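Got a structure for you, written out below as structure tokens; questions coming shortly.
The values are calculated or read from the model by the stated rules, or taken from the named source; none is laboratory data. In this text, all values refer to a predicted model and were calculated from it rather than measured experimentally. Virtual Cβ from ideal backbone geometry, glycine too; neighbours counted across all protein chains shown. Ligands, DNA and RNA are excluded from the accessible area calculation, which covers all protein heavy atoms including side chains. Shrake-Rupley method; radii C 1.70, N 1.55, O 1.52, S 1.80 Å.
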Amino acid sequence: MSVSPALPAVSATVAPPTQAELLDFVRRTAADTELIDSLPLDPEGRTWVRLEGPGGSEAWLIGWPPGTGTGWHDHAESVGAFITAAGELRENSLAARLPADGWKTLELSDDVDRERRLPAGKGRSFGQHHVHEVLNESTEVHAISVHAYYPPLPQIRRYSRTGPILRLEHVERPEDWQ
């Protein structure tokens, strides 16, 4: 009797989703009018529903009442994408890579501020440590957006900003928002 040697186990490693794949996912999801229309909207505060994102990513459908925003924050080591599905959002961001750790206050240079208007159907992707704030500046109309992050958010760092001074205020972990 002959014995065949055991074959090595083949691991099916799936590549993590790219920024482009996350952006494609949020675009397709935002086009699902039945899903977008199903989000309960609160006149006072943001509402959200967690979605199944591609390749193990974390995804969210978010409703923004008039005059609401996120405040300055980043998504740590996660890359992400988001798109406005209804209404219009504004993103203010910093075109500068901040140190990941070891600081509480930074003075920003004059040329780091960026602003994007994101009407329905417009979105963007971003890399790790992207510092931004997202706002619904309308005084009358809700906005709805779709977001996806990979890896699933390990933390969100919250900042305050006064002029050129950016100050790390708080670090949130998944248990704080799930």
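Could you tell me whether any residue of region 157-177 is aromatic (Phe, Trp, Tyr), surrounded by fewer than 15 Cβ atoms within 10 Å (Cβ to Cβ), more than 18 Å from Gln19 (Cα to Cα) and within 18 Å of the chain's Cα centre (by Cα)?
yes
Let me ask something additional. Exactly one of these conditions fails for Gln128: (1) open to solvent by 50 Å² or more (accessible area, probe 1.4 Å); (2) without any contact (Cβ under 8 Å) to a residue 40 or more places away in the chain; (3) not charged (D, E, K, R). Give me its number.
(2)
Hey, could you check region 131-156 for residues that are surrounded by 12 or more Cβ atoms within 10 Å (Cβ to Cβ) and among the polar types (S, T, N, Q) and say which is nearest to Asp32 (Cα to Cα)?
Ser145
Among the residues of region 44-94 satisfying the criterion of being under 14 Å from the mean Cα position of the chain (by Cα) and basic (Lys, Arg), which is most open to solvent (accessible area, probe 1.4 Å)?
Arg50
Could you count how many residues in region 16-43 are among the acidic types (Asp, Glu), crowded, with 16+ Cβ neighbours inside 10 Å and outside any helix (DSSP H, G or I)?
Final tally of qualifying residues: 0.
Which of the residues belonging to region 116-125 are open to solvent by 20 Å² or more (accessible area, probe 1.4 Å) and either out of contact with any Asp or Glu (no Cβ under 7 Å at 6 or more places or on another chain) or more than 10 Å from Ser93 (Cα to Cα) (or both)?
If the condition is that a residue be open to solvent by 20 Å² or more (accessible area, probe 1.4 Å) and either out of contact with any Asp or Glu (no Cβ under 7 Å at 6 or more places or on another chain) or more than 10 Å from Ser93 (Cα to Cα) (or both), then Arg117, Pro119, Ala120, Gly121, Lys122, Gly123, Arg124, Ser125 are the ones that fit.
Would you pick out the residues in region 13-41 that are among the charged types (D, E, K, R) and either at pLDDT below 95 or closer than 19 Å to Val79 by Cα (or both)?
Result: Glu21, Asp24, Arg27, Arg28.
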